[in-house]
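Chemist: Questions regarding the structure given below will be posed in turn.
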Amino acid sequence: MVEQVKNRRLFHLTETKPYKQALVAGQKVNIGNDYSPFFGFYEGAREYGVMTPNGVVQIKAVAWLRQVRDGLINIDALNLASNATDIAQHYVMLCREIIMEEIRRDEFKSEPPSRQRCLYACDTVEEARYWKQFVGQGSTVCELTCTGTTLRADASWLLGDSEPLSVTKGRAQKYWRGEAGTTPQWETLFVGDATVTGFGL
């Protein structure tokens, strides 16, 4: 359910990565105008380095797979399987987020916060600690005081593997309605103004 909040405490996992800086104590942020670091990651291209007579050349992911298939790049089976899995996951998640945004915009009148421009938060410290296993052990739980718009949704509805498009769209509708699946993974999407009021929880 979409909710307007004022000075609401939420919890967030933060860490520095090549595409984002960790939040710091006392920092004030406005969320909702720019792509989130999660979705902004897709502004880059997934590439793989290949040694040539002229040095290492970066090749885009699908072109790299084609060249491996055609025997132009030699790679062992384990590395091929690992890279192919990463590439597939990259595009599954990109497709998922595009579909989610389409459903939000067309069927929910853009009222819930956009997954592409939100801050992913949790209602409790315990929920944030649960998500740490997915975000990374190097992340830190911080407390935010938030004024803006939230949506509490079950991430278990999100596309994670191949399935019919109609199923993906049905799951997206349940996500945006805030319905619980059989084993919910709750997350809170937030847009608005936030201040980091606690750190290292």
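Computed from the coordinates by the stated procedures, all read-outs in this text should not be read as laboratory data. Just so it is clear, the model here is predicted, and its values are computed rather than measured. Reconstructed Cβ throughout: ideal geometry from the backbone, glycine too, with neighbour counts over all protein chains shown.
Chemist: How many lysine pairs are close in region 2-199, with Cα atoms under 20 Å apart and the two 8 or more places apart or on different chains?
Modeler: 7
Chemist: How long are the semi-axes of the equivalent ellipsoid of the chain, defined as square roots of 5 times the Cα gyration tensor eigenvalues? Whole Å, largest first.
Modeler: 34, 22, 15
Chemist: Mind listing the phi-derived Karplus ³J(HN,Hα) values for region 138-146, rounded to whole Hz, using 6.51, -1.76 and 1.60 with θ = phi - 60°, and x for any glycine or proline?
Modeler: Using θ = phi - 60°, the values come out as x, 7, 10, 7, 10, 9, 10, 9, 10 Hz.
Chemist: For region 70-173, what class follows from the C-alpha gyration tensor (a ≥ b ≥ c being the square roots of its eigenvalues): rounded when a/c is under 1.5, otherwise prolate if a/b is larger than b/c, else oblate?
Modeler: Oblate, because a/c is 1.5 or more while a/b does not exceed b/c.
Chemist: Sticking with this one: Give the residue from Gln27, Ser110, Tyr130 lying farthest towards the positive end of the charge dipole for the chain; charges sit on Cβ (+1 for Lys and Arg, -1 for Asp and Glu) and the dipole is referred to the Cα centre.
Modeler: Gln27
Chemist: Kindly write out, for region 186-201 in residue order, the coupling ³J(HN,Hα) from the Karplus curve 6.51 cos²θ - 1.76 cosθ + 1.60 (θ = phi - 60°), rounded to whole Hz, with x marking Gly and Pro.
Modeler: Computed from phi, the couplings for region 186-201 are 6, 9, 10, 8, 10, 10, x, 9, 9, 10, 6, 10, x, 8, x, 7 Hz.
Chemist: Of the candidates Glu102, Glu163, Glu187, which one comes out as most mobile in a Gaussian network treatment of the chain with C-alpha springs shorter than 10 Å?
Modeler: Glu163
Chemist: Something else about it: Going from the alpha-carbon gyration tensor of region 1-45, what semi-axes, largest first and in whole Å, does one get by taking the root of 5 times each eigenvalue?
Modeler: Computed over region 1-45, the values are 23, 15, 9 Å.
Chemist: Continuing with this model, one more query. Bin by bin, in steps of 5 Å, what percent of the Cα pairs in region 1-115 do you find, going until the bin that has the longest distance?
Modeler: 2, 8, 14, 16, 15, 14, 11, 8, 6, 4, 2, 1, 0
Chemist: Return the sequence-ordered ³J(HN,Hα) values of region 106-118 in whole Hz as given by the Karplus equation 6.51 cos²θ - 1.76 cosθ + 1.60 applied to θ = phi - 60°, using x for Gly and Pro.
Modeler: My calculation for region 106-118 gives 7, 10, 10, 6, 6, 6, x, x, 6, 4, 6, 10, 9 Hz in order.
Chemist: Hey, got a sec? Which trypsin sites (Lys or Arg not before Pro) in region 86-160 land in a DSSP loop and have at most 13 other Cβ atoms within 10 Å?
Modeler: Lys109
Chemist: In degrees between 0 and 90, to the nearest 10, how far off the longest principal axis of the chain does helix 165-177 point, with axes built from Cα atoms?
Modeler: Tilt relative to the chain: about 30 degrees.
Chemist: For the chain, which longest stretch is free of loop sites, where a loop site is one of the chymotrypsin sites (Phe, Trp or Tyr not before Pro) that DSSP puts outside H, G, I, E and B and that has at most 14 other Cβ atoms within 10 Å?
Modeler: 36-201
Chemist: Report, in whole Å, the centroid distance computed from the Cα atoms of region 143-179 and region 19-44.
Modeler: 20 Å
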